[in-house]
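Have a look at the structure below before the remarks.
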Amino acid sequence: MDEKSQKNHTLDLIKNRRTIRAYNPKTLSQDEIDAIIQGAMRAPTAGNLMMYSMIQVSDQKLKDKLVKTCDNQPHIAKAPLVLLFLADMQRWWDYFEVSKVKEKCDEIGKEFQTPQESDLLLACCDALIAAQNSVVAAEALGIGSCYIGDIMENYEIHREMFDLPKWVFPITMICYGYPKGDKNKIPLTTRFPQKFILFTNKYSKLSEKDFKDMLKDDKRKIVVKGAENMGQQLYLGKLGAEYSVEMRRSVKAALKEWLKKD
Ligand SMILES: Cc1cc2nc3c(=O)[nH]c(=O)nc-3n(C[C@H](O)[C@H](O)[C@H](O)COP(=O)(O)O)c2cc1C
């Protein structure tokens with residue numbers, strides 16, 4: 001393939017990706033799994049520090065439990081490959097301990113800090129960028145994927161399930177598998193017009209008319225009982241729904257643990 005068609009091929013791949021939630025039970029070969037994991041690991045990473053870890057969840061009992069702890073999503077149990085992406089600062093601070101960094105800081109009169117909010121956000125950036133690279137790698141092999149954002153719920157349970165130490169936070173999980181049936185039959189989801197998403201040089205708040213315009217071609221339907229418009233639908237059905245309330249509680253608990261002084 002020449003360079004130009006290679007470029008078009010990559011763009012086509014990105015444009016035609018859709019979330020796959022129904023999987024062909026066919027297992028993935030080790031070569032395919034390695035390509036997905038290596039794809040993740042080739043992602044850009046701040047300072048080339050790889051402030052993330054991945055856990056391959058292969059134990060069916062764990063997958064079954066994740067169905068429940070991640071807001072009852074049965075496709076998790078049926079996915080041939082499940083990867084948990086962890087924002088991970090534990091590795092570095094463990095290394096700093098064996099490297100006697102605190103002692104060195106004391107010696108030179110520099111404050112030794114433990115990971116703070118910014119370190120968590122940076123590690124989340126790393127983990128999520130790796131996650132998305134794995135999605136693109138999978139897509140290139142014809143393997144579909146589905147993010148599971150609900151892994152941010154039930155922090156205490158997930159912490160115990162996967163033995164997560166203090167400075168490790170499960171920021172996302174991804175299910176992978178060959179699509180069941182023809183994936184092209186799953187309609188591509190719509191996106192808002194670019195002018196509402198891309199601003200030039202400064203941020204622009206949207207007016208009531210802008211919102212109408214923004215949602216004009218949106219295919220979502222109002223299904224929440226009592227919701228009178230899309231704003232009420234999206235709050236009651238998503239950002240104010242029980243799973244979001246649980247996610248807020250869970251992330252608060254995780255942050256508290258991350259920042260706790262021992
Ligand atoms: C951070 C994140 C979290 C998500 N969490 C879930 C999830 O828990 N369950 C699920 O079925 N899909 C999840 N998705 C997939 C989205 O629902 C999907 O990307 C969106 O509806 C757009 O559809 P498309 O990916 O097919 O374009 C998530 C996606 C992202 C990026």
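Using square roots of five times the C-alpha gyration tensor eigenvalues, list the equivalent-ellipsoid semi-axes of segment 90-167 in whole Å, biggest first.
Values: eigenvalues 224, 55, 25 Å².
Over the Cα atoms of segment 90-167, the semi-axes work out to 33, 17, 11 Å.
Between segment 6-52 and segment 204-232, the C-alpha centres lie 33 angstrom from each other.
Work out, in µm²/s and without decimals, the Stokes-Einstein translational diffusion coefficient of segment 1-151 at 4 °C, 1.567 mPa s, Rh from Kirkwood over C-alpha pairs.
Approximately 73 µm²/s, per Stokes-Einstein.
Cβ crowding within 10 Å ranks 257, 107, 139 as 107, 257, 139, fewest other Cβ atoms first.
Pairing the Cα long axis of helix 60-69 with the longest principal axis of the chain, what angle in degrees results, from 0 to 90 and rounded to the nearest 10? It works out to around 70 degrees. When 98, 245 are arranged by Cβ crowding within 10 Å, least crowded first, meaning fewest neighbours, the order is 98, 245. Along its first, second and third principal axes, ordered by size, segment 131-262 spans 51, 40, 38 Å in Cα coordinates. Relative to the dominant Cα principal axis of the chain, helix 3-16 is inclined by about 80°. Summed over qualifying helices (DSSP H, 4 residues or more, each -39500 (n - 2.57)) and divided by its residue number, the chain shows a 222 nm mean residue ellipticity of -13500 deg cm²/dmol. Backbone geometry of segment 218-223 corresponds, through the Karplus equation with coefficients 6.51, -1.76 and 1.60 at θ = phi - 60°, to 3J(HN,Hα) couplings of 5, 8, 5, 10, 7, 10 Hz, x marking Gly and Pro. As a proxy for reagent exposure, ranking 95, 52 by other Cβ atoms within 10 Å from fewest up yields 95, 52. Relative to its Kirkwood radius, the Cα radius of gyration of the chain gives an Rg/Rh of 1.00.
We did not get these values from a lab; they are worked out from the coordinates using the rules stated. Please read these numbers as outputs of a predicted model, since none were measured by experiment. Quick reminder, even Gly has a Cβ in these numbers, built from the backbone with ideal geometry, and neighbours come from all protein chains shown.
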